[in-house]
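Notes to accompany the following structure.
Just so you know, all these numbers are worked out from the coordinates, no wet-lab data involved. On a predicted model such as this, the values are computed, not experimentally measured, just so you know. Positions of Cβ are backbone-derived with ideal geometry, glycine not excepted, and every protein chain shown enters the neighbour counts.
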Amino acid sequence: MKPPERLSWTVHPFMERPLVSLAVLAAMAVSWAFGHYLLGPAGLLVAVLGTVSPLAHYLFPNEYTLTDEGVSVRVVLPSGVKPWDRFIGYTVYPDGVLLAYDPSVLRNRIHKGVFLRFAGNREAVLAFVRRRLGEGDGAPQA
C-alpha cells in the first residue's frame, strides 16, 4: 500500500486546554487594560499586537499540510511551503514532531525548525515524515 501523497489536519490548542486558555485570556486582558491606562488607544494597540502575535499558534487553529513538495503550516495567514530539503532531521515528542533546520545556515540558528502537533494522527504523520526524511530513532540526523 502506497503512503498518502498529501496529509492535512487542523489542531486548535486554545480549545484543548480550557483552564489554561482562560488564564491566557485573563493575562491578555490585564495587559491590554494596562497598555490603555498608560498610553491610551496607542498603548492598547501595542499591547494587543504584543500579546496576540507571539501567542497566535496557541490562540488560532493551526492547519498543517504535508505533501511530497514540502510542509505548510497556516495559522492566520499562509506561511508558504517549506521544501523537505530544508530539513536535516526530526525529533519526536509526545505531542508532535519537530522538523529540524540545518544549523549551519545563520537564519536557522534562530528558527530551529517546524513543529507539527499531532491530532490523533501520530502514526500517519510519523510515517510521512520518515518517508521524506528517512528512518532513525527520531533524533535530528546530520
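Summary of values
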| read-out | value |
| --- | --- |
| Computed label-point distance, nm, for sites Leu49 and Arg6 using a 7 Å Cα→Cβ extension | 3.6 nm |
| Relative contact order %, the chain, counting alpha carbon pairs below 8 Å whose residues are six or more apart | 22 percent |
| Residue-averaged [θ]222 nm for the chain, counting only DSSP H segments that reach four residues, each worth -39500 (n - 2.57) | -12000 deg cm²/dmol |
| Formal net charge of residues neighbouring Gly80 (Cβ-Cβ distance under 12 Å; K, R +1; D, E -1) | +2 |
| Computed FRET value (nearest 0.05) for Thr67 with Leu39, which takes r as the C-beta separation and R₀ as 35 Å | 0.20 |
| Estimated FRET transfer efficiency (Ala27, Leu77; beta-carbon r; R0 30 Å; 0.05) | 0.75 |
| Built amide H within the under 5 Å cut-off of Asp102, gap 5+ | Ile88 |
| Chain lengthening between Phe115 and Tyr58 when straightened (0.36 nm per residue, less Cα-Cα) | 19.3 nm |
| 12 Å beta-carbon shell around Phe118, net charge (K/R +1, D/E -1) | -1 |
| Point-charge dipole on Cβ atoms (K/R +1, D/E -1) for the chain, about Cα centre, debye to 20 | 120 debye |
| Chain lengthening between Arg86 and Met15 when straightened (0.36 nm per residue, less Cα-Cα) | 22.4 nm |
| Debye-sum result for region 14-56 in log10 I(q)/I(0), which assumes one identical scatterer on each alpha carbon, at q = 0.24, 0.25, 0.35 Å⁻¹ | -0.75, -0.79, -1.10 |
